[in-house]
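Q: Can you read through this structure? Questions will come right after.
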Amino acid sequence: SRVVKLAVIPGDGIGPEVVAEAVKVLDAVTASSDVSFEKTPFSLGAGRFLETGDTLTDDDLAAIAEHDAILLGAVGGVPGDPRLKDANIERGLLLKLRFELDHYVNLRPSKLYPGATGPLADPGEIDFVVVREGTEGPYVGNGGSIRRGTAHEVANETSVNTAYGVERVVRYAFALAGRRRQKLTLVHKTNVLVHAGGMYKRIVDAVASEFPEVAVDYLHVDAATIFLVTNPGRFDVIVTDNLFGDILTDLAGAVTGGIGLAASGNINPDGAFPSMFEPVHGSAPDIAGSQKADPTAAILSVALLLDHLGLTDESARVTRAVEDDIANRDGQRTTAQIGDAIAARVQA
Ligand code: NAD
Ligand code: IPM
Ligand code: MN
């Protein structure tokens with residue numbers, strides 16, 4: 001029987017609360033199958049930094065890289081916590097994992113499940129995937145500042161975009177659109193970010209000729225936010241840069257019933273490194289420790305993880321259990337109650 005080595009990073013805030021439920025559902029769906037998950041917990045995040053001063057050591061990274069996949073809750077302390085002033089957990093841990101493990105596809109599906117209540121009066125059907133570039137753009141950390149703290153301070157954040165990096169994520173997005181409803185929307189800001197945007201546009205146009213069945217269109221990112229609210233049904237696959245993808249997917253989460261439902265995968269499609277699955281949301285310090293977090297995003301991230309590992313049957317069972325749970329929600333439940341309910345449906 002197959003053994004999958006899974007690195008588990010619960011992280012900070014609500015991270016451990018939602019990961020506990022995601023693991024519960026993973027255990028439930030594999031209880032009767034011939035695949036088993038060997039889980040290694042990694043204590044990483046703001047909590048670890050405050051205890052030891054470490055963010056992600058080379059040993060941590062090497063140990064994590066030995067696994068077949070990674071499940072992560074969320075990392076990051078309370079924004080503005082002075083004790084974390086020099087830590088930058090987000091960059092030193094989360095982005096370091098994404099960059100070192102070459103997670104160049106940040107896959108963020110958005111679906112309005114029947115029964116989910118979003119803020120839109122008449123949303124229609126919503127079912128799209130944001131393919132967010134994961135290793136480049138303004139996230140590379142190639143910036144700096146001079147005369148810091150003075151009236152003449154200059155602060156730069158450089159967006160680094162390579163033809164290699166853009167082409168590989170664009171190809172992934174086209175292939176995905178080909179397997180879905182054959183529609184790809186490039187979102188950027190070509191009217192202002194002429195160099196990076198221009199390159200994205202040229203690469204999309206070039207790759208499009210290899211996917212004649214895929215209809216391609218383009219939107220500036222500001223206009224894309226309009227349509228995500230007024231006509232989200234127009235989207236199938238969106239391909240976009242790292243920062244735009246970050247912003248659009250929080251918006252997409254809100255529109256499809258709340259950020260507590262939004263799952264993601266940080267994928268290394270080549271399989272050279274383990275891919276990492278995590279909710280789109282963060283550590284939510286405002287509700288941490290109170291069992292108020294919705295673990296569904298983490299549970300749907302397990303569905304993405306299972307699918308990535310080729311365990312399509314198990315993945316579908318998790319997704320179906322979540323769909324049933326969403327369709328039958330009423331009243332307030334704790335994080336653990338939602339996890340229990342979904343785990344029970346998985347086993348039913
Ligand atoms: P956040 O996503 O943590 O929270 C935004 C809002 O959404 C909050 O009101 C929160 O209570 C709510 N929310 C989030 N997840 C929820 C859930 N599962 N159920 C119900 N409500 C939920 O974003 P933030 O407040 O900007 O960031 C908090 C910390 O998390 C920061 O340190 C940030 O850097 C970090 N962060 C980490 C990740 C990650 O690890 N992948 C992602 C985003 C933010
Ligand atoms: C996310 C988060 C991260 C990002 C932060 C915490 C670095 O917001 O996963 O969406 O910007 O990618
Ligand atoms: Mn984000």
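Q: Taking segment 175-196 on its own, how many of its residues are closer than 22 Å to Leu228 by Cα, surrounded by fewer than 22 Cβ atoms within 10 Å (Cβ to Cβ) and in contact with a His (Cβ under 8 Å, 6 or more places away or on another chain)?
A: Qualifying residue count for the region: 3.
Q: Can I ask one more? Can you tell me which residue is farthest from His103 (Cα to Cα) among those in segment 208-233 that are assigned to a helix (DSSP H, G or I) and either without any contact (Cβ under 8 Å) to a residue 24 or more places away in the chain or within 16 Å of ligand 1 (Cβ to nearest atom) (or both)? Walk me through it before giving the result.
A: We begin by selecting, within segment 208-233, every residue assigned to a helix (DSSP H, G or I); these are 208, 221-230, 232-233.
Now narrow it down to the ones that are either without any contact (Cβ under 8 Å) to a residue 24 or more places away in the chain or within 16 Å of ligand 1 (Cβ to nearest atom) (or both): 223, 226-227, 230.
On the way: Ala223: 27, Ile226: 29, Phe227: 28, Thr230: 31 Å.
If we take residues in segment 208-233 being assigned to a helix (DSSP H, G or I) and either without any contact (Cβ under 8 Å) to a residue 24 or more places away in the chain or within 16 Å of ligand 1 (Cβ to nearest atom) (or both), then Thr230 is farthest from His103 (Cα to Cα).
Q: Can you name every residue in segment 1-25 that is over 18 Å from the mean Cα position of the chain (by Cα) and more than 19 Å from Val280 (Cβ to Cβ)?
A: Ser1, Arg2, Val3, Val4, Lys5, Lys24
Q: I want to confirm something. Restricting to segment 68-86 and keeping residues that are more than 12 Å from ligand 1 (Cβ to nearest atom) and over 19 Å from the mean Cα position of the chain (by Cα), which single residue is surrounded by the most Cβ atoms within 10 Å (Cβ to Cβ)?
A: Arg83
Q: In addition: Looking at segment 238-260, which of the residues that are within 12 Å of Glu136 (Cα to Cα) and among the polar types (S, T, N, Q) is farthest from ligand 1 (Cβ to nearest atom)?
A: Thr240
Q: Please note which helices (runs of 4 or more DSSP H) are completely contained in segment 240-348 and include at least 1 residues that are within 16 Å of ligand 2 (Cβ to nearest atom). Steps first, answer last, please.
A: Values: elements: 242-255, 296-308, 312-327, 335-347.
Correct list: 242-255, 296-308.
Q: Here's a follow-up. For Thr117, work out the one condition from (1) within 16 Å of ligand 2 (Cβ to nearest atom); (2) loosely packed, with under 14 Cβ neighbours inside 10 Å; (3) among the β-branched types (Val, Ile, Thr) it doesn't fulfil.
A: Going through the list (1) within 16 Å of ligand 2 (Cβ to nearest atom); (2) loosely packed, with under 14 Cβ neighbours inside 10 Å; (3) among the β-branched types (Val, Ile, Thr), Thr117 breaks only (1).
Q: Of everything in segment 100-111, what is of a type outside the set (Lys, Arg) and either under 30 Å from Gly257 (Cα atoms) or under 12 Å from the mean Cα position of the chain (by Cα) (or both)? Give them in sequence order.
A: Listed by number, the residues that qualify are His103, Tyr104, Val105, Asn106, Leu107, Pro109, Ser110.
Q: Mind telling me which of the residues Tyr172, Tyr139 ends up being outside any helix (DSSP H, G or I), in the same structural domain as Phe244 (by TED's automatic domain parsing) and buried (at least 16 other Cβ atoms within 10 Å of the Cβ)? Show your work before the answer.
A: Values: Tyr172 fails: outside any helix (DSSP H, G or I).
The unique qualifying residue is Tyr139.
Q: Here's another thing I want to ask about it. For Leu6, work out the one condition from (1) buried (at least 20 other Cβ atoms within 10 Å of the Cβ); (2) at pLDDT 95 or above; (3) part of a helix (DSSP H, G or I) it doesn't fulfil.
A: Checking Leu6 against (1) buried (at least 20 other Cβ atoms within 10 Å of the Cβ); (2) at pLDDT 95 or above; (3) part of a helix (DSSP H, G or I), the one that fails is (3).
The values are calculated or read from the model by the stated rules, or taken from the named source; none is laboratory data. None of the values given here were measured: they were computed from a predicted structure. Every residue, glycine as well, gets a Cβ built from its backbone with ideal geometry; the counts of neighbours run over all protein chains shown.
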